[in-house]
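Comments concern the structure below.
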Ligand SMILES: C[S@@+](CC[C@H](N)C(=O)[O-])C[C@H]1O[C@@H](n2cnc3c(N)ncnc32)[C@H](O)[C@@H]1O
C-alpha cells in the first residue's frame, strides 16, 4: 500500500489537517501560588558572574539567564549542598558554576563542543573555583555516559532534552549514575497527551545538537516531549516528577524581563524529579 492510499484510508480530514508546530491554544505559564512580590529579582546570579554573559552565543541574555537561575537553582537549592553533580551539555560552564556556588561538592560537566569546554574551564579559573571541585569532559554525552561510570547525587539536564530523540537512553544513563534527583529545563510540546513532537536540526548552531552515532550528515532528529510524555519518560526510569518551578511567579514579579517568551507561553518549563 503506498502512502497516498494510506492517507486516503485515514481520511484527509485527519492527515491533511497538519496541526502545526504547536497546536495547543496559547497558554500562559502555570498560575503561581507564591505571594506577589516574593519573586522580585534585583541582583541575579549573572550580575555576580558576568563573564558568562560573554562566553556563549546561545541565549545569553541577562534577564533570561538570571530568571533561569532562579527557577533552576534557587528553587532546588536544597538538593545541592554537598552534592556531586552531573551537568549534561554543560555549555560554557554557566550552570556548573551555579551548582558550585549553590554548595555542590563537585561538578562534572559534559559538553560536546570543545571550544565551550575551554570557555568553561577559563571562567571557573577566573572565578577562582578550586580545581578539585570540577571537571569538564569534552564529548558526546551518550558516549561519555556509556564509557565512563560517573556516580553523582544530582543530574542537571538543562536546555538539552529537546536536542535529541534519545530520551529513554539518556534517562537510563542518568539512572545508572545513581542520582537521586534530576532537574530538567526544557522546551515542551503543549499537548495534554503524552506525545513527542519530532523535528530535525542542523549541527552548525552552537546551541544545537552535534552529530552523533545515530545521525546522518549534519542533521540530527530531535523530539520535544509534552509534559505528560516527560513525566512518563521519567517514571519509566524510576524518577517521579515532583513539581514545576514557579515561572508564573517569576514572570509576574519581574515584568521587565525580556527574552523569556517561551516560558511565558508555557512552551518551556523547569521541573524536578526525585528517584522513587
Ligand atoms: C541549548 S544549549 C544548552 C546549554 C546550557 N545547558 C543551558 O541550559 O543554558 C545545548 C548544548 O548541548 C550541547 N550538546 C549538543 N549535543 C550534545 C551531545 N550529544 N553531548 C553533549 N553536549 C551536547 C551543545 O553543544 C550546547 O552546548
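Please treat every number below as a calculation from the coordinates, not as lab data. The structure presented is a predicted model; accordingly, all values stated were derived computationally and were not measured. All Cβ positions, glycine included, derive from the backbone under ideal geometry; neighbour counts span all protein chains shown.
Altogether, the Stokes-Einstein calculation at 20 °C and 1.002 mPa s, with the Kirkwood radius of segment 28-275 over Cα pairs as Rh, returns a diffusion coefficient of 118 µm²/s. Taking packing as the residue-averaged number of other Cβ atoms within 10 angstrom, the listed peptides 201-209, 246-254 run from highest to lowest as 246-254, 201-209.
Between residue 105 and residue 58, the FRET efficiency from the beta-carbon distance, with R0 = 30 Å, is close to 0.65. The stretch between residue 126 and residue 42 holds 27.8 nm of extra length on full extension. This uses 0.36 nm per residue minus the Cα-Cα distance.
In the chain, helical runs assigned H by DSSP with n ≥ 4 each contribute -39500 (n - 2.57); averaged across all residues and rounded to the nearest 500, the mean residue ellipticity at 222 nm is -8500 deg cm²/dmol. Dividing the mean sequence gap of close Cα pairs (under 8 Å, 6+ apart) by how many residues the chain holds gives a relative contact order of 22 percent.
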